[in-house]
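The values are calculated or read from the model by the stated rules, or taken from the named source; none is laboratory data. If you're wondering where the values come from, they're calculated on a predicted model, not measured in any experiment. Note: ideal-geometry Cβ built from the backbone for every residue, glycine included; neighbour counts use all protein chains shown.
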Amino acid sequence: MIRVLVVDDQPLVRAGIVMLLDTEPDVEIVAEAGDGAQAIEEATRHQPEVVIMDVRMPVMDGVEATRQITADGFSAAPDTPIKVLILTTYHADGAVYAALRAGASGFLLKDAAPDELLSAVRAIASGDAWLHPAVARGLLTEFAARPEPRAPDPEVMSRLTAREREVLTLVARGLSNAEIAEHLVLGQVTVKTHFGRVLMKLGLRDRAQAVVAAYESGLVTPGRSPR
């Protein structure tokens, strides 16, 4: 059962999300919140697996709430941090990117189909990331617009083996574990092991943070296909 907290300052939007998810046998709505501060209170009390979070809200926005909820020590089970799915009406802007930096595991546009929301919640609960294609395109455009990518930090990247860098590169290009396994002629379990070591060595939480790290370090640049 996936325990979900729904956070949105618009009661009708919040009610619609709750109504949709309540019909699913593998989802349980544990609480609702109308702003970021309330979201932190409810997340502390109920310890959900997934928080569906609006970005722009009064009192405290979704970015700061995400930062606190995904921080080390917030989850009662340190090995299973709470995951945040951001809902936004914007394809990509500063708030979206800030939320990803803050620890969000995925982004979905509010005009997405109901099936997409369900898929996103399940994917994030299982440890994957979820980026709506329009949001992903916007993020790539944002990176491409920078005058120069940051040079890779030799100290950080030296922690990775050549194979781990290959896996990280393909993750940043949006490939699934199955696609990476096929591309590198490896077993999926081996790919998961390599990626787990990448997260551990770089101090990252999940796939979404790994994508940001790959682009910001210069390991991957927009428009360049993986070898």
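Kindly indicate whether Leu20 is crowded, with 21+ Cβ neighbours inside 10 Å and either assigned by TED's automatic domain parsing to the domain that holds Ala120 or in contact with a Cys (Cβ under 8 Å, 6 or more places away or on another chain) (or both). Against the criterion (crowded, with 21+ Cβ neighbours inside 10 Å and either assigned by TED's automatic domain parsing to the domain that holds Ala120 or in contact with a Cys (Cβ under 8 Å, 6 or more places away or on another chain) (or both)), Leu20 does not qualify.
Condition check: modelled with pLDDT under 95, closer than 18 Å to Val96 by Cα and touching a strand residue (DSSP E or B) at 6+ places or on another chain (Cβ under 7 Å). Does Val55 satisfy that? Yes, satisfied. Looking at segment 87-98, can you tell me whether even one residue there is of a type in the set (Gly, Ala, Ser), touching a helix residue (DSSP H, G or I) at 6+ places or on another chain (Cβ under 8 Å), under 20 Å from Ser126 (Cβ atoms) and buried (at least 18 other Cβ atoms within 10 Å of the Cβ)? No, segment 87-98 contains no residue that is of a type in the set (Gly, Ala, Ser), touching a helix residue (DSSP H, G or I) at 6+ places or on another chain (Cβ under 8 Å), under 20 Å from Ser126 (Cβ atoms) and buried (at least 18 other Cβ atoms within 10 Å of the Cβ).
Can you name the residue in segment 199-212 that is in contact (Cβ under 8 Å) with a residue 12 or more places away in the chain and closer than 19 Å to Ile124 by Cβ and is also surrounded by the most Cβ atoms within 10 Å (Cβ to Cβ) among such residues? The selected residue is Ala208.
Summed over segment 104-121, residues that are outside any loop (DSSP other than H, G, I, E, B) and surrounded by 14 or more Cβ atoms within 10 Å (Cβ to Cβ) total 10.
Taking segment 1-42 as the range and being among the acidic types (Asp, Glu) and not in a loop (DSSP other than H, G, I, E, B) as the test, the residues that pass are Asp22, Glu28, Glu32, Glu41, Glu42. With respect to the conditions (1) crowded, with 19+ Cβ neighbours inside 10 Å; (2) in contact (Cβ under 8 Å) with a residue 40 or more places away in the chain, Asp61 lacks only one, and its number is (2). Among the residues of segment 51-81, which ones are among the acidic types (Asp, Glu) and farther than 14 Å from Arg205 by Cβ? Listed by number, the residues that qualify are Asp54, Asp61, Glu64. Here the condition is being within 15 Å of the chain's Cα centre (by Cα), modelled with pLDDT of 85 or more and farther than 26 Å from Glu41 by Cβ; of Ser119, Ser126, it holds for Ser119 alone.
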